[in-house]
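As structure tokens, the structure follows; a few thoughts come after it.
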Amino acid sequence: MTAFINNDFQDIVLNRKSIRRYDENVKISREEMLTMLDEANRAPSSVNLQPWRYVVVDTNEGKEQLRPFIRFNQLQNDTSAAMILIFGDRKNYEYGKEIYGAALNAGLMPQEVHDRQLATIIPHYQNLSLNEMDNVILRDASLAAMQLMLVARAHGYDTNAIGGFEAENLAETFDLEKERYLPVLILSIGKAAESGYQSVRLSADKLTTFK
Ligand SMILES: Cc1cc2nc3c(=O)[nH]c(=O)nc-3n(C[C@H](O)[C@H](O)[C@H](O)COP(=O)(O)O)c2cc1C
């Protein structure tokens, strides 16, 4: 983990805005990108199976391939340091042994919990319907995406969450198996070259009940 260049939680969270135009001269090294993704991956996930997968599109060739998929979001593609395609892995349980085994070896998980997780959770996940699994991975990957947007700000960058894209054929265009990887969200990331629009929020008392 690197030190954040912005460690002001209030600024990171409350001044985050969707940024759609970036300074084209500012690139993000792949090393820093992986650091940010490691930090985003500290997000919680259902039984810690971490079903998010990323394709970081940071080359001109990759962005050309992405162009037809992203409809009215061309400005972000043209100016960002990278477009991060976030997918959910429907076979995330295949990493169960590796994840729980590492926790066991690091002394973070007792043997009996490790054995129980593998014996119960993995088969349960394998037997989920497609719809149930998609709900799980959409929730989990969205949490990682939100964390990544805030991590980006801590590194001095900004983002735009992009749901306006063509999901059909996105996976295989970027060499992922279509049936396995569900497109969840695209994030543009880079150094802001605009301040973004001010936006309003409904007040919490309108959206909340207490019981
Ligand atoms: C799931 C999701 C999908 C979005 N899709 C797009 C998009 O396709 N294009 C775009 O310009 N902004 C997109 N946005 C950004 C929203 O328009 C923006 O978050 C909202 O207007 C609030 O503004 P703020 O992010 O600056 O606070 C999306 C946001 C979310 C959470």
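Read-outs throughout are calculated quantities, based only on the coordinates presented, and are distinct from any laboratory measurement. Quantities reported herein were computed from a predicted structural model and do not represent experimental measurements. Heads up, the Cβs are rebuilt from the backbone with ideal geometry, glycines too, and the neighbour counts pull from every protein chain shown.
Okay, here's what the table says:
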| item | result |
| --- | --- |
| Sequence ranges 26-34, 82-90, 44-52, ranked by mean other-Cβ count within 10 angstrom, highest first | 82-90, 44-52, 26-34 |
| Three-way shape call for the range 165-211 based on the alpha-carbon gyration tensor, with the a/c threshold at 1.5 | oblate |
| Positive-pole candidate from Ser195, Leu85, Tyr181, dipole of the chain, charges at beta carbon | Ser195 |
| For a label point 7 Å along the Cα-to-beta-carbon line of Ala167, residues of the range 65-94 with backbone N under 11 Å | 88 |
| Partners for Lys27 among aspartates and glutamates (Cα-Cα distance below 13 Å; same-chain residues under 8 apart left out) | Asp58, Asp78, Asp158 |
| Whole-Å semi-axes of the ellipsoid equivalent to the chain (Cα gyration tensor, √5λ, descending) | 30, 21, 19 |
| Where N is the number of residues in the range 1-104, Cα Rg divided by 2.2 N^0.38 Å | 1.28 |
| Kirkwood Rh, angstrom, the range 47-125 [1 / mean 1/r, Cα pairs] | 15.2 |
| Environment charge of Arg21, counting only residues whose C-beta is closer than 11 Å and scoring Lys/Arg +1, Asp/Glu -1 | -3 |
| Whether the range 102-161 is rounded, prolate or oblate, judged on the alpha carbon gyration tensor where a/c under 1.5 counts as rounded | oblate |
